[in-house]
Amino acid sequence: MTTVAEARTATEILAWSREAVEPMLRLAVDSLPGSMRRVAGYHLGWFDAAGEPADADAGTADPRSSALRPAQAAGKAIRPALVLLASAAVGGIADSAMPAAAAVELVHNFSLLHDDVMDGDETRRHRPTAWTVFGRDAAILAGDALLSLAMDVLATGTRGWSASGPSAVGILSAAVQKLLDGQSADLEFELRADVGPGECRRMAEAKTAALLACACELGARSGRGAEFRVAHLRDFGAALGVAFQVVDDLLGIWGDPAVTGKPAHSDLRSHKKSFPVTVALAADSPSSLELRERYRRVEPCGERDLQRVADLIEATGARTWCQHTADAVLAEALDHLVAAGAPGRVEADLRTLAAFVTRRDR
């Protein structure tokens, strides 16, 4: 049985989460039909493009020769960590929360497979995205398979839950519906010139925060937590999700490609109305006026143009505003964490994760 250690770094917490949940994830993905198993396994960092096991010692980003180290290629496992720690926060054990941890990670990767297709992103986790290797249709089908698999894993693993409360599958399904609504809004925003920061926040509350809130709620319910503690942990996850999206939007403009695994200025290429962009467009300054003019253009931007757009956004103060907003929303999240009454070492781990989310570089 996995236990929660004391005074861990974010790297240690996430490594613990990956190690704990990966056996169940692999068992679940292995049950998929071969065509979808291959695409999903590649996306998760377990296989190369030929379907061969990833080489843990390789360091190149070309999937047709060898793969990155699994910890790089398989993602950070933030959501499973939240499930496991939320369970521990109410006195539960990691084993009882494992189906929920696996399910939310499967849903997260379903969304990433689809996001990459919709956004046309060609790089994720330092190597080509699944759709660029296997085709758009194959990537969409693999994402669909992961979503279906998530519901099956959760339904099978939570049959012993109390019948008096909401079902685990119902909670996850509602979160997925919110996630899809948020993704729909994100795509719609690309076609509009009048998106404000308030709309952007509501989109983030659906697209990103819903699944983090769900992860915390499922973990707390798997640990049989009292309703008030479940509610505070859910609200902790929701606020953390908004902060996560704000920082993600900053990285979408100013993140280092060598660290993030995505191209420079990736969000600016697609005219995404992210937090920094909407704040900058709403500002009243010469920089915001030039930015609005540039966002009216339909022709593709070159690298120099993209750098100019990033500079204009920063000149409006939007970059600083976003970091301050992430810090303020983090404070809201931590208030809920304190109210949930988690044991000291579990609260410390959750605080460490929350700090990582709002000060990360990838």
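The values are calculated or read from the model by the stated rules, or taken from the named source; none is laboratory data. Note that the structure is predicted; figures quoted are calculated from it, not measured. Cβ coordinates were reconstructed from backbone atoms using ideal geometry, including for glycine residues, and neighbour counts include every protein chain displayed. For the accessible areas, the whole protein counts, side chains as well, though only heavy atoms, and no ligand, DNA or RNA atoms are used. Shrake-Rupley method; radii C 1.70, N 1.55, O 1.52, S 1.80 Å.
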So I have (1) 25.1; (2) 17.2; (3) 19.4, and one of them is mean projected area of the Cα convex hull in nm² calculated from this model. Which one is it?
(2)
Specify the angular offset, from 0 to 90 degrees and rounded to the nearest 10, of the alpha carbon long axis of helix 197-207 from the longest principal axis of the alpha carbons in the chain.
30
Longest principal axis of the chain (C-alpha) makes with the long axis of helix 94-119 (C-alpha) an angle, in degrees to the nearest 10, of 20
Over the chain, what relative contact order in percent results from Cα pairs under 8 Å that are six or more residues apart?
20
Using 0.36 nm per residue, how much length does the chain from T9 to R294 gain when fully extended, once their Cα-Cα distance is taken away?
98.4 nm
Accessible area, 1.4 Å probe, largest first: how do M151, M98 sort?
M151, M98
Once the Cβ-Cβ distance between L180 and A258 is put in as r, and R0 is 22 Å, what FRET efficiency do you end up with, to the nearest 0.05?
0.10
Which FRET efficiency value, to the nearest 0.05, is calculated for F228 and L191 with the Förster distance at 45 angstrom and r the Cβ-Cβ distance?
0.60
If one builds a Gaussian network model of the chain from Cα atoms under 10 Å apart, the most fluctuating residue listed among P128, P257, P286 is P286
Choose one answer from G344, G157, G237: the residue with the largest mean-square fluctuation in a GNM of the chain with alpha-carbon springs under 10 Å.
G344
Compare the Cα positions of A282, L85, A318 along the charge dipole of the chain (+1 at Cβ of Lys, Arg; -1 at Cβ of Asp, Glu; about the Cα centre) and return the one farthest towards the positive end.
L85
How far apart, in nanometres, would the label points at D95 and R351 be if each is projected 7 angstrom from Cα along the Cα-to-Cβ direction?
3.1
Excluding D194 itself, what net charge comes from residues whose Cβ is under 14 Å from its Cβ, given Lys and Arg +1 and Asp and Glu -1?
+1
Nearest 10 degrees, 0 to 90: what angle lies between the long axis of helix 318-340 and the longest principal axis of the chain (Cα atoms)?
20
Nearest 0.05, what FRET efficiency do A331 and D152 give at R0 = 51 Å with Cβ-Cβ as r?
0.85
In nanometres, what is the gap between the two model label sites at E199 and H324, each 7 Å from Cα along Cα-to-Cβ?
2.4
Quick one: with all protein chains in place, what share of the accessible area of the chain is carbon or sulfur, to the nearest percent (1.4 Å probe)?
52
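Enter the accessible area per residue of the chain (Å², integer; probe 1.4 Å; all protein chains in place).
41
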